[in-house]
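Here, each number is a calculation from the coordinates, and none is a lab measurement. Only a predicted model underlies this, so the values are computations on that prediction, with no experimental measurement involved. Ideal geometry is used to build each Cβ from the backbone, glycine not excepted, and the neighbour counts take in all protein chains shown.
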Amino acid sequence: MRIDRRVVVPALAALSVTALGVSVALLGGDPGGEPRTLRLGESRASADAALGTAGTESGYELVGTLPSGRPDDAPAWTLPSGPADADAVQALARALKAGLPVREASAWHAGGLTVTDDGGQPWWWSPCPDGTVSSDGRTSCATATPGVSGGGSSGGAVDGGVVTPEPPVRGDDPTPMPEPTGKPVPEPAGTPVPEATVTAAARPVLEAVGLSVADAAVATSPYGGSATVTPEVGGVEAAGFVTRVDVSPGGTVTSANGWLATPRRGDTYPLISAQEAFEDLPPRMVAMLCPIGPDGQGCTAPPPAQVTGARLGLSVQPLRDGGSVLVPSWLFGLKDSVEPVPVVAVEPAYLDTGHDPAPTDKPVPEPTAVPPSAGGTDPGQTDPGAAREAFSFDAAWRGETPASLVVRYGDSSSCVREKVTHAVKESDEAVYVLLEADARDPELACTEDYRAVERVITLEAPLGDRQVFDASTSKQVPLGTTR
């Protein structure tokens, strides 16, 4: 399905600071220029989530056909961070009967519902106060059981609002563990929960976040079922950017999770071919008991996973500096598996994963030349050989004219920053401000008092509804209404 929401397209920018050899990477490149380097963090392979997180490493075997040639360039999509819209959170809380949302510790909380300020505004819900839910298809909240050997606990299975006691767990069980056989775990016996039961329970939750149960992939078993919606962003599948609702056999929602933020289109990147991505498929872990080898030693390696094909889409990837981003990816289908295995499709020259950088002939962009701001402190001429350092500001608000911006930073009255300058990079959706000053003597002792300093910056265009970012931290600074 497609997200029918207004898509905001930020023209991402890159700003390089040459003083002290420091390079400050922002969220993109100039329109028509080079896209920014994606600073991706480490991510767990989707194969682990689809096939289990413990077991034996295996490879892949291509049994289908991969798309030929190199695909057209494709955009990445940013996942905004910050507090989610209060009305959207309230609608979700009502659907989950979670109570009234309140703000606590950079997140919304309502009963077992949490909506964080992280990139994408991820949310999750559990009926248990501590979020402890069993994996047997029922919702079990751990509670202390007096008199149980070894300090064990028992749970209550929540089904239709009735808490059913479960037998206590022995702390010291003398029963020996069975020997591994290598045989697959048998499917649960009984009649699967009707799909109508799952969709009826999931519908209010999905509709609360703007999704349709008609677009959900429904899975059922005797233990319960789930409804999962994987949306399209920019016309392609966004793997990992999913909303899932789990339902008990009695038709009660037992857990749910998803995302509230609307993706925003970012820079467009050149892509690698499906064949190149196939060669970069991540190690796969198969959850299985150890089949003893023919010589009675070790474990027999499982057969390779069969890759049936690939399609171009997006996948959620973590950023090294925090947050997440939807990155163009090849999504590989596996035989007997519903979830695809994503491989980032962006050319390596535009990726920075913290390892040795790939060689590139791209020139380093020069810092933006910005004249002194009208109404601001004239920075004068700085000594090109003097050490300079970037520093952050803690507040921003609109200036007296539509094209002016005021930022505020804090000084110690005993260690005033000298020769403060600023550089600005503007796009259609964002304004990036970098403050610099002469480097302070590291041996200098400064008082801890706060001396507020304001700086007026003249922009090339009216500020409008553009977001303001501190280029020294790459973090958004919300606009205040008063000083």
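A compact table of results
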quantity	calculated
Residue order, fewest to most surrounding Cβ atoms within 10 angstrom, among 124, 108, 330	124, 108, 330
Which of 81, 221 has the fewest Cβ neighbours within 10 Å, and the rest in rising order	221, 81
Among 410, 431, 452 - extreme Cα towards positive end, dipole of segment 388-480, charges at beta-carbon	431
Segment 305-349 - Rg and Dmax from Cα coordinates, angstrom	12.0, 36
FRET efficiency, 1/(1 + (r/R0)^6) with R0 60 Å, evaluated for residue 349 and residue 87 via beta carbons	0.90
Projected label distance in nm at residue 94 and residue 68, using a 7 Å step from Cα toward the beta-carbon	5.5 nm
Coil-residue GluC sites (Glu not before Pro) of segment 448-479, DSSP, other Cβ within 10 Å capped at 13	448, 460
Within segment 58-129, trypsin sites (Lys or Arg not before Pro) in DSSP loop having at most 15 other beta-carbon neighbours inside 10 Å	97
Scattering curve values for segment 388-480, log₁₀ I(q)/I(0), Debye with Cα scatterers, q = 0.13, 0.18, 0.22, 0.24 Å⁻¹	-0.44, -0.79, -1.10, -1.26
Per-residue ³J(HN,Hα) for segment 224-234, Karplus 6.51 cos²θ - 1.76 cosθ + 1.60, θ = phi - 60°, Hz, x for Gly and Pro	x, x, 8, 10, 10, 10, 10, x, 9, 10, x
Calculated FRET efficiency for the pair residue 34/residue 279, C-beta based, R₀ 22 Å, to 0.05	0.25
Sorted by Cβ density within 10 Å, fewest first, the residues 332, 391, 469	391, 469, 332
